[in-house]
Each structure stands twice: as C-alpha cells, then as structure tokens.
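This is the structure, below, for whatever I ask next.
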Amino acid sequence: MINTADRNVAAELISIYEISKILGSSLDLTKTLREVLNILAIQMDTRRGMISLMHESGELHLVGASGLSSEEFHRGRYRVGEGMIGRVFQSGMPSVIADISKEPLFFNRTTEPDAALGKTIAFVGVPIKAGYETLGVLSINRDLDPHRHSVDNDVRFLTMVANLVGQTVRLYRNVTAERTELLEEKRRLKKELQGKFSLENVIGISKAMEEVCGEVHQSAPSRSTMLVRGESGTGKEVIARAIHNLSPRKDGPFIKLNCAALSETLLESELFGHEKGAFTGAQAERKGRFELANGGTLFLDEIGDISPAFQAKLLRVLQEREFERVGGSRSIKVDVRLITATNRDLEQAVAKGEFRADLYYRINVVSIFIPPLRERREDIPYLAEYFLAKFRRDNDREVALSKEALNTMMNCYWPGNVRQLENCIERTATMARGNVINDGNLSCRQNKCLTQLLHVPDTTAHGLAAPAKTVIPINDAAAEHAEQPPTAERERLLWALEQCGWVQAKAARLLNISARQMGYALQKQEIEVKKF
C-alpha cells in the first residue's frame, strides 16, 4: 500500500513535470507564470500565489498572481528589504511565517481578508534565482494545518519551482534583449538607408519606393537616357527632377515638356526652336527646349503619345545629338541628358506598329517603374499628412485628419494615384466645416466621388486582372480547387461570383478590388446578382 508521503512525492513530481512543460511552451512570460501559479494552487491548495520580479525601476513588481483581484495585483510593489517579499529578495534565502497576523514585518499589501478574521494563514517565500543572481521572489499564502502540512516540504518544493522559473526568466530576458538589439539595429540601418536613398519631395517608406529611390541614386550619376514608367499621377516628373538633382548636371537647367499637350507642328517648334520668318507669326528667332537644356536635362513627358512622323525626327536627334531649327539649315549640337516618361504600354504599342522599335530601344536604356499608390498603401498616411501640412501653410488654417477618415483613404483604390490623393485632401479640407476631417466629409462617403465612375475596374488597368499573388482565396479548399480566372472582364466577374457563392463582398476580395468597385463593374456589365 502506498503511504501518504509517497503520494505527496508522486504528486510533486507530476506538478514539476507539468510546470516544466508550461515554462517551455511559450515566451509569453505573464501567461506562463500565471499558469504555473494555477498549478501550485491545485497542488498545494494555496489561497494566493505571487511571483515578483525585479523591475528596471529598482522595485519588485508582481508579474504573476493567483487569487488576487486586479486592484490588489497593481498594489503589489515592494522596495528591496521592504516587507517579507523584499526581505526574501534581499537575503536570497527562503522565509516562512506560520501566522501572518502575528508578524509585524508582513505588510499584507495585497490584503488577505481572512487573516483579520482569526484564521491562521501561513506565508512561504523563496527567492527566484538564476545561477548566483536573485531575480525575484515566489511566495504563497495558505491555510496552515500542522497535522497535514510540512513547512519543510513546502520550501523544498517551491525552491524547485523557483529554480525552473528563474531559468525561464533569464532566457526570456536574454531573448528580449537580443530582439531589442536587433530591432534597434534594424531601425538604425533603415534610417541610414533612408538617409542615403531619400529623394527630395518624394514621400514614401514602402519597400517599393525604397527600391525606386535606390534605382534613382544608382542611375542618376550616369549620362544614360532614362525612361520613367508608371500610371498617370504616380509622380514621374518628381522622379525625373530627383534624377537631375542627383546628377553631375544638377547646376544645369532642367527643362520639361508635355508631348501630349501639343500638335506635331508645335511640338517640333517647341523642341527644336525656329528661325525668324519660318512661319506666320515667327517674328523673331526662338530657341527650342533642346537648346535651353544644353548642359542640363530635358524631360519629355508622355513620350508614348507623339506621332510616328515626329518619332523619326526625334530619333535622329537622339542618335546624332544635333538638329536644325524649324526654317533653318544650320546644325546645332547640344549636350543634353534625356529623361522620358509615359503611362502607356510601349511594348504593346511597338507590337501594334504605333511606336517605332528603334526609338523604343533608344529611350529605354535605363527604365524605372513607379508603382501605383494602391500597391504601396503604407505610404498613404505620410502622403496625406504631407498634403495636409501643405494645405495648412497655404491657407493658414489648422486642419487634422481623423483616424476613421485615414482608414477610408487606406482602403481606397486610388485610380488617380498620388495626384488624386492630393486633390482629395485639398477638396475635403476646404469643404470641412470644422478643424477635423471626419470620415463623413470624404466625397466617397457622400456618393460624390466621380472618380469611381470614371475608373470602373477593367481587365487591363484597374484590378480585375490583378497578379496572382494578390488574389485572396476564400479558404484553403477554394485555393486548392479554384480554376485559373478568365481574362475577359465579364467572365472574370462571373467566375469570382461563382467561386464565392454569389456573395459580392467575397468576390471583391477575391479580385482584390473594393465592394464599391465591384458594384460599379457589375452595373457596367449588366450582371444581375443571384439571390438565394
């Protein structure tokens, strides 16, 4: 027959085993210590259990407790040498009080009510150590029955538990210190990289914009012709100017021209200049943009919109680096670095014969792609604050952006990109009645955002043909068995609705577009949603 002592030893071994599993299961120190105290409450029938650790403030703070209210827990702070917990920490030795009501050194800061009612409540406290270092104190309060309980056994058992806790606390602190050090190093390196690759008037902390800034810094010192690509409103001119400012030509002129804004005749005159009397109204000699940019940079925006005839003229200038003014015969040589930009798919234009292949290869020496705003949403708060600060300066008016309004902006599709965001901030700040832009002030919340009507998602530009990596499956089964989505817009919408059981919100997430855009697309394609 197994006697009581053997049963107690067996129970203690099981408790130690369970406690060791708990301590090794997670690095959430508060959670694991609380679970350890719950095991002690069951094994030792404790009224209260407390684990206090030395805080960086120099005080012992409760980090785990059982049997305490929230208010009592927050009162559990002790200076070294203060009360029994402080004395156990200071001495590094276990301490036992047979009756806490008769011990003047017991502060009862966490309020043991039954002690004031005449009940005999014992206190047992042991130091939590890791090697020779004392990290804290493990203590319990329990009803004392000399006939049933052995204080020596309690001290021995709690000391074993405290040793396990000490090793876990040391491991936790080492991991925390290493993680803090790594995060600090990451912040330092990120700050250095941002300082190294930051661009004037370019706002963005996203990885995509960091890559753009790095490419600009890498390519700016060269003489290579560059092609800046991206959707309308992404900031191609800002990037072009940043390239110029980082180049050896930064002290030279930066001349820009929008090729789409002029006819072929005017474009030739603007770029190459004209002689006096070259045409009606040419009353004086006039230098063109190429001459004005001599020694500097010429930025030609919307290069993809020039006519085939003018493409041939521009190609000759890029090859020979010389030209004649309109109505002139004298060749003029220039030293100009050319930066072009377009929002068109030039490869498709070349394939269709709309853009000369030889000019394409001439301007596409170094290409930089600026991602659309919807692919770098982490930059939206910084851009919004930048434009709001600009509005405050220009209008001498204090306006702030609410968290709800910012969340709405974070979820917008932004087909007009940064330009649209700037206009949205300025329009909303102007029309806001108070000093805070709330969610309800935004045009999209008032069904006044005409951009949504102008930019219904299609298969080529605005989300329905999203890359595979951005498609969000509804569940694992759908991801495993879903077929590849069709490419036509109507079929793609129907495919998404079928995949999601004709739930519009889920279909919108699957296509990586907003529910509002999904509604517009369904209306455009005259698709009637099934209702079950």
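What do you get for Rg/Rh of the stretch 1-80 when both radii come from the Cα atoms and Rh is the Kirkwood radius?
Checking Rg against Rh, the ratio lands at 1.07.
If each DSSP helix of 4+ residues adds -39,500 (n - 2.57) and the sum is divided by the residues in the chain, what number results at 222 nm, nearest 500 deg cm²/dmol?
Mean residue ellipticity at 222 nm (helix-derived): -14000 deg cm²/dmol.
Another question, if that's okay. What residues of the stretch 407-447 lie in the reach of a label at Lys390, counting those whose backbone N is under 19 Å from a point 7 Å from the Cα along Cα→Cβ?
409-410, 414-432, 437, 443
Could you give P(r) for the stretch 175-281, binned at 10 Å from zero, as whole percent values over all Cα-Cα pairs?
11, 30, 25, 17, 9, 4, 2, 1, 0
For the chain, which DSSP H helices look membrane-span-like by this rule: Cα extent along the axis of 20 Å or more and mean Kyte-Doolittle of at least 0.5?
Both cut-offs are met by 29-44.
Under a point-charge model restricted to the Cβ atoms of Lys and Arg (+1) and Asp and Glu (-1), what is the dipole moment magnitude of the chain relative to its Cα centre, in debye to the nearest 20?
940 debye
Separate question: First select every other residue whose beta carbon is under 11 angstrom from the beta carbon of Leu511; then total the charges, Lys and Arg +1, Asp and Glu -1.
It works out to a net charge of +2.
Would you work out the charge dipole size for the stretch 218-319 about its Cα centre, treating the Cβ of every Lys and Arg as +1 and the Cβ of every Asp and Glu as -1, and quote it to the nearest 20 debye?
For this selection, approximately 360 debye.
Do any cysteines in the chain lack another Cys Cβ under 4.7 Å, and if so which?
Among the cysteines of the chain, those whose Cβ sits 4.7 Å or more from every other are Cys213, Cys259, Cys412, Cys424, Cys500.
Roughly speaking, what is the stretch gain from Gln319 to Arg173, that is 0.36 nm per residue apart minus the C-alpha to C-alpha distance, in nm to one decimal?
Roughly 46.0 nm would be gained on extension.
Apply the Karplus curve 6.51 cos²θ - 1.76 cosθ + 1.60, θ = phi - 60°, to the phi angles in the stretch 48-61 and return the couplings in whole Hz, x for Gly and Pro.
Residue by residue, the stretch 48-61 yields 8, x, 9, 10, 10, 10, 5, 8, 5, 6, x, 10, 8, 10 Hz.
For the stretch 353-361, what does the Karplus curve 6.51 cos²θ - 1.76 cosθ + 1.60, with θ = phi - 60°, yield as ³J(HN,Hα) per residue in whole Hz, taken in order and with x for Gly and Pro?
x, 8, 9, 5, 5, 5, 6, 4, 5
Go ahead and run the numbers for FRET between Arg223 and Leu182, Cβ-Cβ distance against an R0 of 45 Å, rounding to 0.05.
In this case the efficiency is close to 0.65.
Also: Would you work out which of Phe279, Val175, Met209 lies farthest towards the positive end of the dipole of the stretch 152-306, given +1 charges on the beta-carbon of Lys and Arg and -1 on that of Asp and Glu, about the Cα centre?
The Cα lying farthest towards the positive end belongs to Val175.
Only one of the values [x] 25.1; [y] 26.9; [z] 30.4 was calculated from this structure for Kirkwood radius over Cα pairs in Å; name its label.
Only one listed value fits the structure, namely [z].
Place a +1 charge on the Cβ of each Lys and Arg in the stretch 258-368 and a -1 charge on the Cβ of each Asp and Glu, then give the dipole magnitude about the Cα centre in debye, rounded to the nearest 20.
300 debye
Just want the answer: with Cβ charges of +1 for Lys and Arg and -1 for Asp and Glu, which residue in Ala312, Thr46, Val350 is farthest toward the dipole's positive end in the chain?
Ala312
So for the stretch 19-85, taking the charge dipole from beta-carbon charges (+1 Lys/Arg, -1 Asp/Glu), which of Ser66, Thr32, Ser20 sits furthest toward the positive end?
Farthest along the dipole direction, towards plus: Ser20.
Can you send over the carbon and sulfur percentage of the accessible area for the chain, probe radius 1.4 Å, protein chains only?
50 percent
Determine the alpha carbon to alpha carbon distance for each of Lys207/Lys236; Lys31/Lys119; Lys31/Lys129 and list only those over 23 Å.
Violating the 23 Å limit, Cα to Cα: Lys31/Lys119.
So what J values fall out for the stretch 362-379 if you push phi through Karplus, 6.51 cos²θ - 1.76 cosθ + 1.60 with θ = phi - 60°, rounded to Hz, Gly and Pro as x?
Result, rounded to whole Hz: 6, 8, 9, 6, 10, 10, 10, 9, 9, x, x, 4, 5, 9, 9, 5, 5, 8.
The values are calculated or read from the model by the stated rules, or taken from the named source; none is laboratory data. A quick note: this is a predicted structure, and the numbers were derived from the prediction, not measured. Note that we place each Cβ from the backbone using ideal geometry, even for glycine, and neighbour counts take in every protein chain shown. The protein model used for the area step is the full one, side chains on, heavy atoms only, and it has no ligands, DNA or RNA in it. Shrake-Rupley method; radii C 1.70, N 1.55, O 1.52, S 1.80 Å.
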